[in-house]
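Enquirer: Please find one structure pasted underneath; my questions will follow.
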Amino acid sequence: MTGERTPPETAGHRRRMRPWRLLPTPTGTPFTFAYAAVLVGTSLFVLFAEPGVVASALRGCSTDVAHLAHTPVFVLVASALWIDGGITSPFAIAFLVVLTALERRIGGRRTAGVFVLGHTVATLATEVPVGLSVMAGHLPESSLHRLDYGISFGVSASIGALAGLLTPRPRWAVLAVVGGMLVEDLVEFTDPMTSWGHLMALAIGVGTWPLVRRWRLAPGPSAA
């Protein structure tokens, strides 16, 4: 019948399928949008500032053992303001898509909580053993100043959390693909501590499934 109106649920489904909803917006996903703007700024700084100044800034924000022992809160925050590999890295792209999707489902503050949880726990879980190994004489003291910064742990945790909100087939496909890539990085042994951190962060995200599912089913003011 001509002139028939589209059912509301169909129209809503079409809105959800619009490609631009994969990217953050100031009103729809304010946390991801603001965070992305900061990351763009620091990435431009890395590209155009003097190399010595960049190196000094990154060193000062590093979550190495020495910094964690003296200014843990500062470096845990500051280290997450930079992208290791720049704005074209896979984790930068994943940041935009994954955090946007997660924030649209559970809200900005809860998305920030998942990200911070993964970033913090995975960082401590990889750096504390380094400190203990140095104390035991298994690693040189230079390991206390290992350069460590970036968003990858938080993004990995967010991927794990978002997977729990997907239907079964996409959920296990995402975990299989991402988990396989992280395991491959670990096998290559290029940076085993960071690779272990990525896997731990992904597992941390999976561990938030009961919470993120409850938040999605019963959104409150914090999920707005």
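The values are calculated or read from the model by the stated rules, or taken from the named source; none is laboratory data. As the structure is a computational prediction, the values presented were derived from the model and not from experiment. Neighbour counts are summed over all protein chains in view; Cβ atoms, including those assigned to glycine, are modelled from backbone coordinates with ideal geometry. Accessible surface is based on the protein model in full, side chains and every heavy atom, while ligands, DNA and RNA are left aside. Shrake-Rupley method; radii C 1.70, N 1.55, O 1.52, S 1.80 Å.
Conditions (1) polar (S, T, N, Q); (2) at pLDDT below 95, marked per residue:
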{"site": "Ser158", "(1), (2)": "yes, no"}
{"site": "Ala163", "(1), (2)": "no, no"}
{"site": "Pro192", "(1), (2)": "no, yes"}
{"site": "Ala203", "(1), (2)": "no, no"}
{"site": "Gly207", "(1), (2)": "no, no"}
{"site": "Leu211", "(1), (2)": "no, no"}
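Enquirer: A follow-up question, please. In region 27-62, how many residues are in a loop (DSSP other than H, G, I, E, B) and either touching a Cys at 6+ places or on another chain (Cβ under 9 Å) or modelled with pLDDT of 95 or more (or both)?
Expert: Here the count works out to 4.
Enquirer: Do any residues in region 77-96 that are farther than 21 Å from Thr29 by Cβ and open to solvent by less than 20 Å² (accessible area, probe 1.4 Å) have Cβ atoms under 6 Å from those of residues that are outside any helix (DSSP H, G or I) and not small (Gly, Ala, Ser), where the two are at least six apart or on different chains, and which pairs are they?
Expert: Ser79/Thr63; Ser79/Tyr149
Enquirer: Anything in region 112-162 that is outside any helix (DSSP H, G or I), without any contact (Cβ under 8 Å) to a residue 24 or more places away in the chain and small (Gly, Ala, Ser)? List them, or say none.
Expert: Listed by number, the residues that qualify are Ala136, Gly137.
Enquirer: Follow-up question, since we're still on this one. Within region 156-178, how many residues are under 18 Å from Leu211 (Cβ atoms), crowded, with 17+ Cβ neighbours inside 10 Å and out of contact with any Lys or Arg (no Cβ under 7 Å at 6 or more places or on another chain)?
Expert: 8
Enquirer: Now for a separate question. Using the structure shown, decide if Ala69 is surrounded by 14 or more Cβ atoms within 10 Å (Cβ to Cβ) and among the hydrophobic types (A, V, I, L, M, F, W, C).
Expert: In short, no.
Enquirer: From the set of residues in region 163-211 that are touching a residue at least 60 places away in the same chain (Cβ under 8 Å) and not in a helix (DSSP H, G or I), which is nearest to His119 (Cα to Cα)?
Expert: Per the stated criteria, the residue is Thr208.
Enquirer: Right, another one. Looking only at region 123-141, decide whether some residue is within 15 Å of the chain's Cα centre (by Cα) and closer than 24 Å to Ala176 by Cβ.
Expert: No, every residue in region 123-141 fails to be within 15 Å of the chain's Cα centre (by Cα) and closer than 24 Å to Ala176 by Cβ.
Enquirer: May I ask you to verify whether Ile106 is open to solvent by 10 Å² or more (accessible area, probe 1.4 Å), more than 24 Å from Ala69 (Cα to Cα) and of a type outside the set (Asp, Glu)?
Expert: No; evaluated as a whole, the condition is false for this residue.
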